[in-house]
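*Asks:* One structure coming up, written as structure tokens, with questions to follow.
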Amino acid sequence: MRFARHVAAIAGKDLRAEIRTKEGFNAALAFAVVILILFSFAIDPTSEQMREMSGGLLWIVFAFAGALVLNRSFPRETPNDSLDVLLASPVSPPALLLGKTIANFVILIAIESLCLPLFGILYNMDWTRQPALLAATLLLATWAITVIGTVFSALTVNLRLRELMLPVLIYPMLIPALMAAMKLTTLLIAGAPPEPGDWLWFRLLIGFDIIFTLLAQALVETVLLG
Amino acid sequence: MPRPILSSALAAAGGLWLIRNLHVVTLQLPDEAAQGAVYRNLFFHVPAWFTCFTAFAFAGLAGIAYIVRKRMVFDTLAVACVEAGVAFTLIGLATGSIWARIIWGIWWTWDARLTWALITCLVYFGYLMLRESLDDPTSRARISAVFSTFAFVSVAITYKSIEWWRTQHPGPVLDFRTGGGQIDKAMQSALYHNWGALMLIAAALVLIRMRQEDSRRELEALRRYVHAQ
């Protein structure tokens, strides 16, 4: 119960700071829109191929935007030694990590919910054919990005070139989750109900989320306290 | 045995074993029925991959051991194993590419195992870059140990998931994977011999790299001491 209260306090603090400044949110959203527009020059947006590439395109945009949000998660606590204060408070490192992960998750989901309709308009795609399953895919894969991204944001907080290092470190690790998300999103935007074989990708996403959430919770104390 | 002598002895034994194996592979074994002479590449390609798996597995275990015991020797072992592993990954990729150029007609294809190998390589390059950007030895050891644990789990999941995604690479042929009958006994024995030789060379490299890492840490400590004076 105490743990849940601490998690809610940290998540609330991060979200309040983000709602008041909107720094990370605005930057990540603008970045996502720019990439969405740039893709229209890389490929012919009217072609049938676009339908087959939709999942890949969307998740590249989300992963890039995610890195911007995640990059700020722990480094924002370094001025005035706020991170030391947080660590000295009764909040345990796992609660701190989970709170920050939830805040990042909410921000990233908000960005995705704005990008998806924009993607539909710009590329003339009807993405609402399988809304429930598409939402499930978005939630599961976004959790995968934020859970790994947040723990790595803690890992790289004192690094030289940390803005550069975070994407280099997290993208290769996220490949199984991104792969599953791309496959499912392409299928669901095309409107086809998933075949029995496609549930495999949902299982992969769920397994990935559980394994890395547990691993992050187990190792965060070593990361933050030593 | 002191480490310098041990590493030299291992390297010499590995080198001699490799020369013996080269003699067997090039002069004693016949050409393969379907592939011709180029199949001999297999005697380096497959053992290089086995060696790199072993090195990464040791690196993962050393990372966990550091988190539990907090002893610098595990960090030294982890970085030495990762560097040796990356070297053998590159050998595996290069020999694989040469074989693919001749048999498939292309240097590279986005097949399951090739993609996995490349991702593994990228993940461990990340590990080496991460170490370079940390100055304090204790936090370097701690953070890279956590990273290597994540890396090991992620690489294991990627291995399975890419297999679901795409596959073109030849399937397993060795007896312990297939139950026997897929590969000639003499060829299989030459392959295992080469694995042994490469493992000895890898062990020598790991020992040399561990010594370098110890010296590096000592130098860093001395530098800090001088600055503090």
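FYI, it's all coordinate maths here, none of it is from the lab. Since the structure is predicted, the reported quantities are computational estimates derived from the model, not experimental observations. All Cβ positions, even for glycine, are placed from backbone atoms using ideal geometry, and neighbour counts span all protein chains on display.
*Asks:* Which of the three applies to region A:64-110, rounded, prolate or oblate, going by the alpha-carbon gyration tensor with a ≥ b ≥ c and a/c under 1.5 meaning rounded?
*Replies:* In terms of gyration-tensor shape, oblate.
*Asks:* Would you give the gap between the C-alpha center of region A:182-213 and the C-alpha center of region A:114-172, rounded to a whole Å?
*Replies:* 15
*Asks:* Please compute the contact order of region A:118-226 in relative form: average sequence separation of alpha-carbon pairs under 8 Å and at least six residues apart, divided by the residue count, as a percent.
*Replies:* Across region A:118-226, relative contact order equals 40 percent.
*Asks:* What's the center-to-center distance, using Cα atoms, between region B:89-161 and region A:58-111 in Å?
*Replies:* The two parts, judged by their Cα centres, are 27 Å apart.
*Asks:* Just flag the trypsin sites (Lys or Arg not before Pro) in region B:1-92 sitting in loop per DSSP whose Cβ has no more than 15 other Cβ atoms within 10 Å.
*Replies:* Listed in order of number, the matching sites are B:70, B:71.
*Asks:* So which residue, out of A:151, A:33, A:168, gets the largest mean-square fluctuation from a GNM of chain A using Cα contacts under 10 Å as springs?
*Replies:* Highest fluctuation of the listed residues: A:168.
*Asks:* Could you list the residues of region A:175-191 with an amide nitrogen less than 20 Å from a label point located 7 Å from the Cα of residue B:122 in the Cα-to-C-beta direction?
*Replies:* A:175-186
*Asks:* Relative to the first principal axis of the alpha-carbon coordinates of chain A, what is the inclination of helix A:49-71, with its axis defined by its Cα atoms, in degrees from 0 to 90 and to the nearest 10?
*Replies:* That helix lies at roughly 10 degrees to the long axis.
*Asks:* Using Cα atoms only, what is the angle between the long axis of helix A:162-190 and the major principal axis of chain A, expressed in degrees (0 to 90) to the nearest 10?
*Replies:* So the helix axis and the longest Cα principal axis differ by about 40 degrees.
*Asks:* Averaged over peptide B:130-138, how many Cβ atoms belonging to another chain are found within 10 Å of each residue's Cβ?
*Replies:* 3
*Asks:* So, one more: Send over the per residue convex hull volume for chain A, Cα only, as a whole number of Å³. It would help to have the intermediate numbers written out before the result.
*Replies:* Numbers: hull volume 28.1 nm³, N = 226.
Dividing the Cα hull volume of chain A by its residues yields 124 Å³.
*Asks:* Any idea what the relative contact order of chain A is, in percent, if you count C-alpha pairs under 8 Å spaced at least 6 apart?
*Replies:* Reported relative contact order: 29 percent.
*Asks:* What does the net charge come to around residue B:31 if you take all other residues with beta carbon closer than 15 Å to its beta carbon, with K and R at +1 and D and E at -1? The partial results should precede the final answer.
*Replies:* Details: positive: B:40; negative: B:32, B:184.
Once positives and negatives cancel, what remains is -1.
*Asks:* Given the rule -39500 (n - 2.57) for each run of at least 4 DSSP H residues, summed and divided by the residues of the protein assembly as shown, what is its mean residue ellipticity at 222 nm, to the nearest 500 deg cm²/dmol? Can you show the working numbers first?
*Replies:* Numbers: 15 runs with 360 residues, N = 455.
The helix contribution divided over the protein assembly as shown gives -28000 deg cm²/dmol.
*Asks:* Still on this structure, I have one more. Highest mean first, how do B:109-119, B:145-155 rank when packing is the count of other Cβ atoms within 10 Å averaged over residues?
*Replies:* Order by mean packing, descending: B:145-155, B:109-119.
*Asks:* Also: Each residue of region B:52-63 in order: what ³J(HN,Hα) in whole Hz does its phi give by Karplus 6.51 cos²θ - 1.76 cosθ + 1.60, θ = phi - 60°, with x for Gly and Pro?
*Replies:* Taking θ as phi minus 60°, the curve returns 5, 4, 4, 4, 5, 5, 4, 5, x, 5, 5, x Hz for region B:52-63.
*Asks:* Another one. For every other residue with a beta carbon closer than 13 angstrom to the beta carbon of residue B:205, add +1 if it is Lys or Arg and -1 if Asp or Glu, then tell me the sum.
*Replies:* Its environment carries a net charge of +1.
*Asks:* Shape call for the protein assembly as shown from the C-alpha gyration tensor, a ≥ b ≥ c root eigenvalues: rounded (a/c under 1.5), prolate (a/b greater than b/c) or oblate? Intermediate values should be presented prior to the final figure.
*Replies:* Details: a/c = 2.41, a/b = 1.26, b/c = 1.92.
It is oblate, given that a/c is not under 1.5 and a/b is not larger than b/c.
*Asks:* List the lysines whose Cα sits under 16 Å from the Cα of residue A:183, skipping any in the same chain fewer than 8 residues away.
*Replies:* Residue A:183 reaches B:160.
*Asks:* Loop only per DSSP, at most 16 neighbouring Cβ atoms within 10 Å: give me the GluC sites (Glu not before Pro) in region A:1-51, ordered by residue number.
*Replies:* Those that pass, being in a loop and sparsely packed, are A:48.
*Asks:* Could you pull out every one of the lysines with an alpha carbon less than 26 Å from that of residue A:100, ignoring same-chain neighbours closer than 8 positions?
*Replies:* Within the straight-line cut-off, residue A:100 pairs with A:13, A:22.
*Asks:* Can you work out ³J(HN,Hα) from phi for every residue in region A:29-43, in order, using Karplus 6.51 cos²θ - 1.76 cosθ + 1.60 and θ = phi - 60°, giving whole Hz and x for Gly and Pro?
*Replies:* Per residue, the Karplus-derived 3J(HN,Hα) values read 5, 4, 4, 4, 5, 4, 5, 4, 6, 4, 4, 5, 7, 6, 9 Hz.
*Asks:* To the nearest 20 debye, what charge dipole does region B:3-228 have about its Cα centre, counting +1 at the Cβ of each Lys and Arg and -1 at the Cβ of each Asp and Glu?
*Replies:* Charge dipole of region B:3-228: 480 debye, to the nearest 20.
*Asks:* For an R0 of 30 angstrom, estimate the FRET efficiency from the Cβ-Cβ distance between residue B:107 and residue B:29 and round to the nearest 0.05.
*Replies:* So the FRET efficiency works out to roughly 0.70.
*Asks:* Ok, one more. Where q = 0.07, 0.09 Å⁻¹, what log10 of I(q)/I(0) comes from the Debye formula for chain B, counting one point per Cα?
*Replies:* -0.27, -0.44
*Asks:* Still on this structure, I have one more. P(r) of region A:11-99 in 10 Å steps, Cα pairs, percent per bin?
*Replies:* Going from the shortest bin to the longest, the percentages are 14, 35, 24, 16, 8, 2.
*Asks:* What is the list of residues in region A:25-54 whose amide nitrogen lies under 16 Å from a point 7 angstrom out from the Cα of residue A:190, following Cα to Cβ?
*Replies:* Only A:47-54 fall inside the zone, counting backbone N under 16 Å.
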